[in-house]
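Taking it in order: structure first as structure tokens, then the write-up.
The values are calculated or read from the model by the stated rules, or taken from the named source; none is laboratory data. Keep in mind that this is a model prediction, so the values were computed, not measured. Cβ placement follows ideal geometry from the backbone for every residue including glycine, while neighbour counts extend to all protein chains displayed.
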Amino acid sequence: MKTLTALVLGMLTMAAGVAAAEPAAAPSFRQDVMPVFFRAGCNAGTCHGSARGKDGFMLSLFGYDPSGDYRRIVSEMPGRRVNTAVPEQSLLLLKATGKVSHTGGKLFDRDSDLYATLRHWIAAGATDDVGEVADVAGISVSDTSLLFDKAGGESDLRVTARYTDGSTRDVTALALFGTNNPSVAEIDATGRVTATAAGDTTVFARFSRFTIGAEVIVLADDPGFAWPSPPEHNFIDRLVFDRLQKLRIAPSQICDDETFLRRVTLDLAARPPTVEEYHAFMNDGSADKRTKKIDALLASEDFTDYYTAVWAELCRVASMDYTGRGDSHKPANAFVGWLREQVAADRPFDEVVADMATAVGSTNVDGQTGLYTMLIHNYNLDPKVMAADFSQLFLGVRMQCAECHNHPFDRWTMDDYYGFVSFFTCVKRKKGSDGRDRRVIFDPTAAPAKHAVDGRPVPAKLLGVVEPVAGDGDPRRALAGWIRDPSNDLFNRNIVNRLWAHLFGVGIVDPVDDFRATNPPANGPLLDGLAARFAEHGRRIRPLIRDICNSRVYQLSAEPTPSAVGDQRQFSHAMLRRLRADVLLDSIVAVTGVPRSLPKAPKGTKAINYINRGYGYHATGDYVLDTFGQSARKTVCACDTKTNPSLPQVMHLLVGDTVSPRVHTAATNGVLKQIIAEHSSSEGVIEAIFIRALSRRPTAAEMETMLQVVAEGGSPAGYEDIFAGLLGSSEFLFNH
């Protein structure tokens, strides 16, 4: 009897111990169990969260469909995947702890909190949540900026989740961590940040559908560093120099007048300075001559042509054929003509985009309707493609990932995606006045987009907003109103970042059309400052470009200081930028004075104004533009314009028909012949060639070398060789 009593008491004691070890309330499937799958990587894209699952088991990517996940976990393979009678025998636990074969390997130990949560949930009956459960509304980190005075320093980052019912929870142990640059700072699975080398980067934490970053700066071990206190021209210099001083990077000196003149003329007019412009600028002794030059270029027809071309390229304007898609010659000309009118008038760019967004009418007459035929080169207007392209082009947000699941690296959900698609489901195209024309119309009977998971209609709603837009009629009016809102930072930051990248060769956010939490700006205050100034300027492009070009930062030399040799993202010196294909071709024509015809284009058409007017072997319509990376306008991605050098480019410059024949023509009956005739000395001819080709005078060493070339080759052959050599040089091919 005593033995039996002792046994019963022992069992009761064990039961009490188990009850004490486990929380009285069963874990919530959505709040407790789903985060375990997230932290362990079970619902990642490389595991069961892939589109087809893994080894016969599928979960929604990062848990965007908890109801479906519950059904697949509990109802598929009853009694095996989840064994409520003997929780320890559940495959969920056996595979995760490596007790049975698992492709993903061992994920956690039996004594871990992750194991305890899953076991307790299964032991409690593996029930689903009943009623409304508070969802994660956002996350925060304990430090948004970490500063280490040397490599080797450490700091712990804590992550807190905020829920829709107002509650908060420390989710550090359930979050995932990463770094954008492990060579500067690493972060481990517990959130501990370790400085590895001097520089700056961002570490980030992700929980549920939210990602947040923390800036990390590791100072260089340079006790002798002294900030040079360079003069500041405007707010841009202050914001850039504040960052450089914090990083112990000294900026370069300001560039000389010759370099500035060539740089700004190429950037604003898409051509080198003329000889007359060179002499006028160099002979101008006024202190504000750079400002006056910037103003003159911004007021020029060349600027209007260039910036029209940039946006026409991004809007994919092409004139392909007469298939009735509305993208043939007349509609293309109408769209480009309309864009040019907006740029020429320096119209607020939000109004330009708003007019395109709400456009209706004939593509032959109403140029702004071209957005709905050029952006999508297809017989049917797909609202999903239209929404994704519009978002990427004008907001800098790549939403495509959210079509099938919540965005894995940003805050956008499937609801955000389909709500934005619904702005464009009402847009239709129908036949117009002739075979080329298409009429863009609003269809009031069109239904909103349907959610891919449950098929429910998702009314039109703006990005980052919970509730759908109000009112009846065309929802694009609400979209246009949002675009015109001066406080719309998605729009403001995207446009100023694109302008900055055009003038510096790299964006503050890069790629320029990929704003997301895991791709933060290199200098957040600079981006915010530019966006605020853009709004102050009434969102007009010219005043902001004037601010940027007048800054000392824009006018810095390309020669880095010793502390800036490794800097590629903080704008401590000018970057070498290979000219765009169209700008390069126009520059060769301008310098040699020998025109070049473009396929199916009117005589005298500049390459920057060229529109592909037919299908053919060449993606852009011209083989030279193809060779040098001109955008074929296949997508709205800024990456379609390529400026990386290649062997075919070198061979074309050496033996192709773009440079050598033009130089020979210039020597026999053109500008080079005129230069030789106008100068009595070889030194004068060589100097004139340098000014025409490179917008600068030769150095003493260069002059000595060139005089030898002339002595050996004679005239005009020697001068022809010099001219051709300069046009094929890196200095000519690059803006610097």
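Summary of values
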{"quantity": "Selected residue (criterion: surrounded by the fewest Cβ atoms within 10 Å (Cβ to Cβ)) from residues of region 616-648 that are assigned to a loop (DSSP other than H, G, I, E, B) and of a type in the set (A, V, I, L, M)", "calculated": "Ala619"}
{"quantity": "Residues satisfying the stated conditions in region 579-607, i.e. in contact with a Phe, Trp or Tyr (Cβ under 6 Å, 6 or more places away or on another chain) and either at pLDDT below 95 or assigned to a loop (DSSP other than H, G, I, E, B) (or both)", "calculated": "Leu598, Ala601"}
{"quantity": "Whichever residue in region 167-181 is assigned to a loop (DSSP other than H, G, I, E, B) and at pLDDT 95 or above and, among such residues, is farthest from the chain's Cα centre (by Cα)", "calculated": "Ser167"}
{"quantity": "Flag if Ala480 is among the hydrophobic types (A, V, I, L, M, F, W, C) and either farther than 19 Å from Tyr372 by Cα or within 27 Å of the chain's Cα centre (by Cα) (or both)", "calculated": "yes"}
{"quantity": "Any hit, region 434-446, residues being within 22 Å of Leu314 (Cα to Cα), among the aliphatic types (A, V, I, L, M), part of a helix (DSSP H, G or I) and not assigned by TED's automatic domain parsing to the domain that holds Phe204", "calculated": "no"}
{"quantity": "Hits in region 599-625 - residues which are under 25 Å from Glu277 (Cβ atoms) and not charged (D, E, K, R)", "calculated": "Gly604, Thr605, Ala607, Ile608, Asn609, Tyr610"}
{"quantity": "Residue match in region 606-617 (condition: within 15 Å of Thr643 (Cβ to Cβ) and not assigned by TED's automatic domain parsing to the domain that holds Leu244)", "calculated": "yes"}
{"quantity": "Condition check for Gln245: without any contact (Cβ under 8 Å) to a residue 60 or more places away in the chain, of a type outside the set (Gly, Ala, Ser) and out of contact with any Asp or Glu (no Cβ under 7 Å at 6 or more places or on another chain)", "calculated": "yes"}
{"quantity": "Tally of residues being at pLDDT 80 or above and not in a helix (DSSP H, G or I) across region 1-49", "calculated": "13"}
{"quantity": "Filtered residue count, region 443-468, keeping only those that are under 30 Å from Ser362 (Cβ atoms), touching a strand residue (DSSP E or B) at 6+ places or on another chain (Cβ under 7 Å) and in contact (Cβ under 8 Å) with a residue 40 or more places away in the chain", "calculated": "1"}
{"quantity": "Region 194-228, subset aromatic (Phe, Trp, Tyr) and not in a loop (DSSP other than H, G, I, E, B), residue farthest from Ala287 (Cα to Cα)", "calculated": "Phe207"}
{"quantity": "Candidate set: region 425-439, residues that are modelled with pLDDT under 95 and of a type outside the set (D, E, K, R); chosen: the one surrounded by the most Cβ atoms within 10 Å (Cβ to Cβ)", "calculated": "Gly432"}
{"quantity": "Any hit, region 676-687, residues being touching a residue at least 40 places away in the same chain (Cβ under 8 Å) and either within 26 Å of Arg262 (Cβ to Cβ) or of a type in the set (Val, Ile, Thr) (or both)", "calculated": "yes"}
{"quantity": "Test: residue in region 128-143 that is out of contact with any His (no Cβ under 7 Å at 6 or more places or on another chain), within 25 Å of Arg206 (Cα to Cα), modelled with pLDDT of 95 or more and in a helix (DSSP H, G or I)", "calculated": "no"}
{"quantity": "Answer residue from region 264-315, given it is of a type in the set (S, T, N, Q) and closer than 26 Å to Gly367 by Cβ and is farthest from the chain's Cα centre (by Cα) among those", "calculated": "Ser300"}
{"quantity": "Residue match in region 378-398 (condition: more than 20 Å from Asp474 (Cβ to Cβ), among the charged types (D, E, K, R) and touching a residue at least 12 places away in the same chain (Cβ under 8 Å))", "calculated": "yes"}
{"quantity": "Region 154-164, subset modelled with pLDDT of 95 or more and assigned to a loop (DSSP other than H, G, I, E, B), residue surrounded by the fewest Cβ atoms within 10 Å (Cβ to Cβ)", "calculated": "Arg158"}
{"quantity": "Test: residue in region 526-536 that is touching a residue at least 24 places away in the same chain (Cβ under 8 Å), surrounded by fewer than 19 Cβ atoms within 10 Å (Cβ to Cβ) and within 26 Å of Ala270 (Cβ to Cβ)", "calculated": "yes"}
{"quantity": "Which numbered condition Asn181 fails, given (1) touching an Asp or Glu at 6+ places or on another chain (Cβ under 9 Å); (2) in contact (Cβ under 8 Å) with a residue 24 or more places away in the chain", "calculated": "(2)"}
{"quantity": "Tally, over region 369-406, of residues that are within 16 Å of the chain's Cα centre (by Cα) and either on the phi > 0 side of the Ramachandran plot or not in a helix (DSSP H, G or I) (or both)", "calculated": "4"}
{"quantity": "Residue count, region 321-361 (criterion: of a type outside the set (D, E, K, R), in a loop (DSSP other than H, G, I, E, B), surrounded by fewer than 23 Cβ atoms within 10 Å (Cβ to Cβ) and at pLDDT below 95)", "calculated": "3"}
{"quantity": "Failed condition for Ala318, given (1) among the hydrophobic types (A, V, I, L, M, F, W, C); (2) in a loop (DSSP other than H, G, I, E, B); (3) over 24 Å from the mean Cα position of the chain (by Cα)", "calculated": "(3)"}
{"quantity": "Identity of the residue in region 362-374, surrounded by 22 or more Cβ atoms within 10 Å (Cβ to Cβ) and not polar (S, T, N, Q), that ends up farthest from Leu314 (Cα to Cα)", "calculated": "Gly367"}
{"quantity": "Any hit, region 264-279, residues being among the polar types (S, T, N, Q) and closer than 15 Å to Leu147 by Cα", "calculated": "no"}
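For every residue, the table says whether it meets (1) crowded, with 16+ Cβ neighbours inside 10 Å; (2) modelled with pLDDT under 95.
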{"position": "Ser695", "(1), (2)": "yes, no"}
{"position": "Ala700", "(1), (2)": "no, no"}
{"position": "Thr705", "(1), (2)": "no, no"}
{"position": "Glu712", "(1), (2)": "no, yes"}
{"position": "Pro716", "(1), (2)": "yes, yes"}
{"position": "Tyr719", "(1), (2)": "yes, no"}
{"position": "Ile722", "(1), (2)": "yes, no"}
{"position": "Phe732", "(1), (2)": "yes, no"}
